[in-house]
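Some notes on the structure that comes next.
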Amino acid sequence: MISRLVAILMLTAFLQNDAHNQLARDIYKELIEINTTDSVGNTTQAAEAMAARLIAAGLPEADVQVFGPNPRKGNLVARYRGTNHRRPLLLLAHLDVVEAPREDWSVDPFKFTEKDGYFYGRGTTDDKAMAAVWVTTFIRFLREGYKPDRDLVLALTADEESGDHNGVDWLLKNHRDLIDAEFALNEGGESLTKDGKYLLNAVQPTEKVYQSFRLEVRNPGGHSSRPVKDNAIYHLAEGLTRLLNYQFPVRLNEVTTGYFQRMALLETGQLASDMKAVSRNPGDKAVVTRLSAMPYENALLRTTCVATRLEGGHADNALPQVARAVVNCRLLPGDSPVEVRATLIRVFDDPKISVTSIGDAKPSGPSPLRSDIVGPIEQITNQMWPGVPVVPVMSTGATDGLYLRNAGIATYGVSGFFQDIHDTRAHGRDERLGVKEFYEGREFLYRLVKALSS
């Protein structure tokens, strides 16, 4: 009798999970097939589609809003009401995606395609998987009659990729009361596999700071048949070569120190030894040199600046009158954009190269690694993937978490969508997420939200 009861319970759980997976898949598909690129896309359409699903599932219309300053770039804000014993929890994901030219892909980037154990489409990893799971979680809670001890606020937003201000930044400035929360869950925490084995589940409490600079050299020019040494393109090229050969100093913080300490236990050989050593002594030059040869580790060690755009000249038969470049920098939290600009000027060592900031950097301090947040992440990770550690990470890119942190809302990147450490395709061609990994992430985030709200 007992074994039969266990079998019935297991079958019931399987059927329920199958139904939850189908719902998540349907929502995921709908989002992928709505073009939300900056050029021609429409996040308002995606937001309205998700709003319709939430209302149909029973969320009161008064608690579901779609709005924004741009008709094509709307945001969805929905509230699942709890008992108000604690302040709200914000669940954030962005609806917009980067451009995806059809000719670059082996499949249509805006058609949800399942093949070879993967879901393909622009936004499958960045960031529509999380958006689909948040909506699925709300609907699942409604069906269960779940009553959290705090309000759950869902924000699906525009313009995270473009850097415009129609999304989280606009919501904070104009509707702070609707998304105010004790803390937020967001993208940014990578879940990684290596050689087919689950490696780590990351939590991201901090990120580097985005700042670009425009370089410009001006010159009287002249006829190309009479070249001179004072050439705008040459000045710029020589300055960029000096930048190529320069490295900013190493500086670790609490998060990156913790990352290297934990990764030293997961890696082997020289790499494990170097990670352990750098967490103890960032001044060991031999260790730093070896780690700096790896792009990701190098980006964790220091501020980085790299040339990303270049233009110059006005005619094939004329000496250039102007040469320009853009250098994109990712600053460690706490590094000053003013000091980085001064460093660039010193490295270029050429008064003819002007260096101008493009926009203003938006630094944000790290969110504290609270045990009441990290603890549930670790517990659920261990339940679902025994032995897989939770590792703190600092994103080398940028997310909307910086706006929230600057507004005093602690933000943690975490996903549960495992991807191969050597095959992450966000922003690239044939973006994809494993089918099994998507469904596991759905369950992980559902359990996490429940643990943080009960």
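Read-outs throughout are calculated quantities, based only on the coordinates presented, and are distinct from any laboratory measurement. Bear in mind the structure is a predicted one, so any value in this text is a computation, not a measurement. Positions of Cβ are generated from backbone atoms using ideal geometry, with glycine treated the same way; all protein chains shown enter the neighbour counts.
Quick check: residue separation of HIS223 and ASN84 times 0.36 nm, minus the Cα distance between them. What number comes out in nm?
Full extension of this stretch gives 42.6 nm more.
Quick one: if the Förster radius is 56 Å, what FRET efficiency do SER354 and ASP116 give, using the C-beta to C-beta distance and rounding to 0.05?
Computed FRET efficiency for SER354 and ASP116 comes out at 0.65.
Can you list the residues, at least 5 places off or on another chain, whose amide H is less than 5 Å from the amide H of PHE183, using H built in the peptide plane?
Those qualifying (amide H under 5 Å, at least 5 residues apart or on another chain) are LEU90.
Report, by chain and number, residues whose modeled amide H sits under 5 Å from the one on PHE417, excluding near sequence neighbours (fewer than 5 apart, same chain).
Residues meeting the criterion, in which the H sits 1.01 Å from N, are SER191.
So how much slack lies between ALA57 and ALA293, counting 0.36 nm per residue of separation and subtracting their Cα-Cα distance, in nm?
In short, 79.8 nm is gained.
With +1 assigned to the C-beta of every Lys and Arg and -1 to the C-beta of every Asp and Glu, and no other charges, what is the dipole magnitude of region 304-349 about the Cα centre in debye, to the nearest 20? Don't skip to the end; give the middle numbers.
Numbers: 5 positive and 5 negative charges, 21 e Å.
Rounded to the nearest 20 debye, it is 100 debye.
May I ask you to work out the translational diffusion coefficient for region 208-358 at 25 °C, viscosity 0.890 mPa s, via Stokes-Einstein with Rh from the Kirkwood sum over Cα pairs, reported in whole µm²/s?
Working: Rh = 17.3 Å.
The Stokes-Einstein estimate is 142 µm²/s.
How large is ³J(HN,Hα), in whole Hz, for each residue of region 354-362 in order, when computed from phi with the Karplus curve 6.51 cos²θ - 1.76 cosθ + 1.60 and θ = phi - 60°, using x for Gly and Pro?
For region 354-362, the Karplus-derived couplings read 7, 10, 10, 5, 9, x, 10, 4, 10 Hz, x marking Gly and Pro.
Taking 0.36 nm per residue of separation and subtracting the Cα-Cα distance, what length does fully extending ASP180 through GLN22 add?
53.7 nm
Taking K and R as +1 and D and E as -1, what net charge do the other residues with C-beta under 14 Å from the C-beta of PHE260 add up to? Write out the running numbers ahead of the final one.
Working: positive: ARG251, ARG262, LYS276, ARG280, ARG290, ARG302; negative: GLU254, GLU267, ASP274, ASP284, GLU297.
Here the count lands on +1.
Hey, can you grab everything whose amide H is under 5 Å from the amide H of ALA318? Only 5+ residues off in sequence or another chain; H modelled, so Pro and N-termini drop out.
SER224
Estimate the FRET efficiency between GLU339 and ASN281 by the formula 1/(1 + (r/R0)^6), using the beta-carbon distance for r and 25 Å for R0, to the nearest 0.05.
0.55
At each listed q (0.09, 0.13, 0.14 Å⁻¹), what is the log10 of I(q)/I(0) that the Debye formula gives for the chain modelled as equal alpha-carbon point scatterers?
The calculated log intensity ratios at q = 0.09, 0.13, 0.14 Å⁻¹ are -0.65, -1.24, -1.38.
Nearest 500 deg cm²/dmol is fine: what mean residue ellipticity at 222 nm does the chain get from its DSSP H runs of n ≥ 4 alone, each adding -39,500 (n - 2.57), divided by its residue count?
One gets -12000 deg cm²/dmol as the mean residue ellipticity at 222 nm.
Just to be sure I understand the model, the point goes 7 Å from the Cα along the line to the Cβ. What's the resulting VAL326 to ALA272 distance in nm?
Spacing of the two 7 Å Cα→Cβ label points: 4.3 nm.
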